[in-house]
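Take a look at the structure below.
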């Protein structure tokens, strides 16, 4: 319970009535903000019921597939494989991961929507699932699916620089961007959440980073290691070897507050700057026509996964926090994240496309 208490302390203002009691069926569904990117969550009726009250149906009887809508090698791919491994124990069948990269996660999401609504094809995604909808390149969004749950919060996104950068701390870096506008680079992937993060840093810190499209997480680390860009945002766990050797320096945590698993990483407010929250969630969903009884079975298995000691240990090893938000409560969490951390920068973000 200690881990979950930490997450609630970080996300209290954001989640409002979302509660970890969702795991035991004790919470009421949170209402999504009026500015969420699609309709209300009414189509996911019955989420107040405990996942343990799932009706008896003949499911599953064959392997289940989780579509990971990004290339192998990143944190979404890694976390999906851990989730699949542990869920297999509780579903009694193999849970396999298939990477379907392309279209800023749209190709993978579309593949799930084109599948049979029988629960045998799931989708995992995170904050990036909102980006194509925000850009108007697709109608697909979280309302296009039935939500199973959110098992992980990643409050490890850091602003990193190379050890040879010469930047002493976050304040020094920000002041140098102001003195040399649009010359100090912030490398990321165009059309992704990390680009929105760059917009937020410039706006909230009155900074003047120059955004450079260097690619996905692996490409960002390669670019920083080769000193081909000045700064990146990256999940600490993905680059922990470089942080351990000192090749990379974590100037600040890009989250709502401190991460107790990373006590030595400062937050912007330690330097008198506004915290910029680009922590992440990992969400699982299924085809919107999947029977509720099957969604309940999957949610029950996900709940048991979040309580599994092997799963918890793996998450903590990577500085991640295990949570258990199911169905409507999970969906409200995701929509609230969009409303708080992405939508305020929509206009500036779209202007960069």
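The values are calculated or read from the model by the stated rules, or taken from the named source; none is laboratory data. This structure is a prediction, so every number in the text was calculated from the model and none was measured. Glycine also receives a Cβ, built like all others from the backbone with ideal geometry; neighbour counts cover every protein chain displayed.
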(1) surrounded by fewer than 20 Cβ atoms within 10 Å (Cβ to Cβ); (2) over 24 Å from residue 274 (Cβ atoms); (3) at pLDDT 95 or above: which one isn't true of residue 218, the others all being true? (3)
All but one of (1) in contact with a strand residue (DSSP E or B) (Cβ under 7 Å, 6 or more places away or on another chain); (2) within 20 Å of residue 262 (Cβ to Cβ) hold for residue 201; which doesn't? (1)
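For region 226-246, give me each residue that is out of contact with any strand residue (DSSP E or B) (no Cβ under 7 Å at 6 or more places or on another chain), in contact (Cβ under 8 Å) with a residue 12 or more places away in the chain and farther than 16 Å from residue 188 by Cβ.
237, 240, 246
Would it be correct to say that residue 328 is over 23 Å from residue 259 (Cα atoms) and crowded, with 24+ Cβ neighbours inside 10 Å? Give the derivation first.
Details: over 23 Å from residue 259 (Cα atoms): yes; crowded, with 24+ Cβ neighbours inside 10 Å: yes.
Judged against the criteria, residue 328 is a match.
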Candidate set: region 145-164, residues that are part of a loop (DSSP other than H, G, I, E, B) and touching a helix residue (DSSP H, G or I) at 6+ places or on another chain (Cβ under 8 Å); chosen: the one surrounded by the fewest Cβ atoms within 10 Å (Cβ to Cβ): 145
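Okay, residues lined up against (1) in contact with a helix residue (DSSP H, G or I) (Cβ under 9 Å, 6 or more places away or on another chain); (2) farther than 29 Å from residue 257 by Cβ:
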position	(1), (2)
66	yes, yes
71	yes, yes
76	yes, no
94	yes, yes
108	no, yes
113	yes, yes
126	yes, no
133	yes, no
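Might you let me know whether region 202-216 holds any residue that is part of a strand (DSSP E or B), within 22 Å of residue 102 (Cα to Cα) and touching a residue at least 60 places away in the same chain (Cβ under 8 Å)? Lay out the reasoning, then the answer.
Kept after step one, since they are part of a strand (DSSP E or B), are these residues of region 202-216: 210-213.
Imposing the further condition that a residue be within 22 Å of residue 102 (Cα to Cα) reduces the set to 211-213.
Narrowing the set further to residues that are touching a residue at least 60 places away in the same chain (Cβ under 8 Å) leaves 211.
Yes, that holds for at least one residue.
So, in region 165-196, how many residues would count as being closer than 16 Å to residue 271 by Cβ and part of a loop (DSSP other than H, G, I, E, B)?
Of the residues in region 165-196, the ones closer than 16 Å to residue 271 by Cβ are 167-178.
Next cut, part of a loop (DSSP other than H, G, I, E, B) only: 167-169.
Of the residues in region 165-196, 3 are closer than 16 Å to residue 271 by Cβ and part of a loop (DSSP other than H, G, I, E, B).
Of these, 129, 87, 107, which one is surrounded by 19 or more Cβ atoms within 10 Å (Cβ to Cβ), at negative phi, over 17 Å from the mean Cα position of the chain (by Cα) and in the same structural domain as residue 60 (by TED's automatic domain parsing)? Step through it out loud before you land on a result.
Numbers: 129 fails: over 17 Å from the mean Cα position of the chain (by Cα); 107 fails: surrounded by 19 or more Cβ atoms within 10 Å (Cβ to Cβ).
Of the residues listed, the single one that is surrounded by 19 or more Cβ atoms within 10 Å (Cβ to Cβ), at negative phi, over 17 Å from the mean Cα position of the chain (by Cα) and in the same structural domain as residue 60 (by TED's automatic domain parsing) is 87.
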Reported set for region 174-187 where residues are crowded, with 22+ Cβ neighbours inside 10 Å and touching a strand residue (DSSP E or B) at 6+ places or on another chain (Cβ under 6 Å) is 186, 187
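Residues checked against (1) in the same structural domain as residue 164 (by TED's automatic domain parsing); (2) closer than 20 Å to residue 76 by Cβ; (3) in contact with a strand residue (DSSP E or B) (Cβ under 8 Å, 6 or more places away or on another chain); (4) in contact (Cβ under 8 Å) with a residue 60 or more places away in the chain:
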site	(1), (2), (3), (4)
252	yes, no, yes, yes
257	yes, no, no, yes
267	yes, no, yes, no
283	no, yes, yes, yes
300	no, no, no, yes
304	no, no, no, yes
311	no, yes, yes, yes
320	no, yes, yes, yes
324	no, yes, yes, yes
